[in-house]
1. From Cα pairs below 8 angstrom and at least 6 apart in sequence, can you work out the relative contact order of chain A, rounded to a whole percent?
2. Please compute, over every Cα-Cα pair in the stretch B:42-147, the percentage with a separation greater than 24 angstrom.
3. I'd like the FRET efficiency for B:LEU9 and B:PHE99, computed as 1/(1 + (r/R0)^6) with the beta carbon distance as r and R0 of 25 Å, rounded to 0.05.
4. Taking every DSSP beta bridge that has both residues in chain A, what percent is antiparallel when rounded to the nearest 5?
5. Just tell me how shielded A:17-28 is by partners: mean number of partner chain Cβ atoms within 10 Å of each residue's Cβ, no decimals.
6. Find how many whole Å separate the alpha carbon centroid of the stretch B:83-147 from the alpha carbon centroid of the stretch B:39-81.
7. Which three extents, in whole angstrom, do the alpha-carbon atoms of chain A cover along their principal axes, largest first?
8. Largest first, please: the extent of the C-alpha atoms of the stretch B:20-66 along each principal axis, to the nearest Å.
Amino acid sequence: MSVELKMTGEVLTAYLSGELDHHNAREMREAVDEAIELNHPSMLVLDFGQIGFMDSSGIGFIMGRYRNLSRYGATIHISDAPPAILKMMKLAGVEKLATLPKTVKESKK
Amino acid sequence: MNIVNRFSLNFSARSANENFARAAVAAFAAQLDPTLEEINDIKTAVSEAVTNCIVHAYAEKTGKVYITCTINDKNELRVSVRDTGCGIENVDRALEPLFTTVGGERAGLGFAVMQSFMDDLRVRSVSGRGTTVTMVKKIRPRYGIGG
C-alpha cells in the first residue's frame, strides 16, 4: 500500500496503490491530507489504477477528502478506476461528490 | 441440499487481519470456479463483515472473529462471520444504507455492500452477546471446453 503525490499547477494527483481497506485507509488519509494542507489544490485527482482491492473504507476515504476540499470550493476527480471499484463507487453514489471517469480505463492525466 | 466442503477459522479482531480473512475465504471459494467479479464480490462482502466486527463489535474490548464457510452441491458458498462483541441494538436500522454510529471516515455502507454484492444476507444479533452475519453467494456454473 502506498501513495505517490504530484502537484501540477493547482492540481494535486494522488496515485494510490495496494488494497484500500479499513486497515490501510488511515495511512492514505494522512498522506493525502498533509499534501492538501500544504498545497491547497483547486482539484484533487485520485488515481485508482494500481488499487487491487477496495471495500467501503475507500468510499469513506473519498467522503472525508470531499469534506476537507469542499470547505474552500475545491473538487475531486476519480481517475483510472478498475471495473470492480467503479461498481462500488456507483453503489455508493460517489458521482455526487466527485467526477468519475467516462470510460472504464480513462488515460492518466 | 448437501454440504460438500467446509472450513472454519478464528483470529484476533485486529485490522491487520482484514486482508487475511478475505483472502482465505476467496481461496476457499476458488474451487467453485467463480468469475473474477464473483471473487471480488465475495472478498468485498467478507471485508465489510470483518471490518464491522473490528470497528463496532469490539470497539470497547478486543476479541475474536469466527468465520465458517460451507459449499453445497448447488454451487452455493455460505459465509458466516461471528463475533462475541457488543451486539447491534437495532438491526433494521443498522441495515439502512448510510446509517452509521461512528461517523468520521466510515461511510455507513457495510451492510448495503454485503446485500448488494451477495445473494442473501442474514443478521442475527443479541445486545451484549454478539452478532452473526450469514451471507450466501451462488456461483453460476460455467460449461466451457472441458467443463
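Rule-based calculations on the coordinates, nothing more; no lab input. Fair warning: this is a prediction, and the values are worked out from it, not measured in the lab. Cβ coordinates were reconstructed from backbone atoms using ideal geometry, including for glycine residues, and neighbour counts include every protein chain displayed.
1. Relative contact order here is 25 percent.
2. Pairs farther apart than 24 Å: 25 percent.
3. Details: r = 29 Å, r/R0 = 1.17.
In this case the efficiency is close to 0.30.
4. Details: 7 of 22 bridges.
Approximately 30 percent, going by the DSSP bridge assignments.
5. Working: counts 0, 1, 6, 0, 10, 12, 9, 4, 4, 2, 0, 0.
Taking the mean over all residues of the peptide, I get 4.
6. With the stretch B:39-81 and the stretch B:83-147 each reduced to a Cα centre, they are spaced 8 Å.
7. 32, 29, 22
8. Extents along the principal axes, in whole Å: 39, 15, 11.
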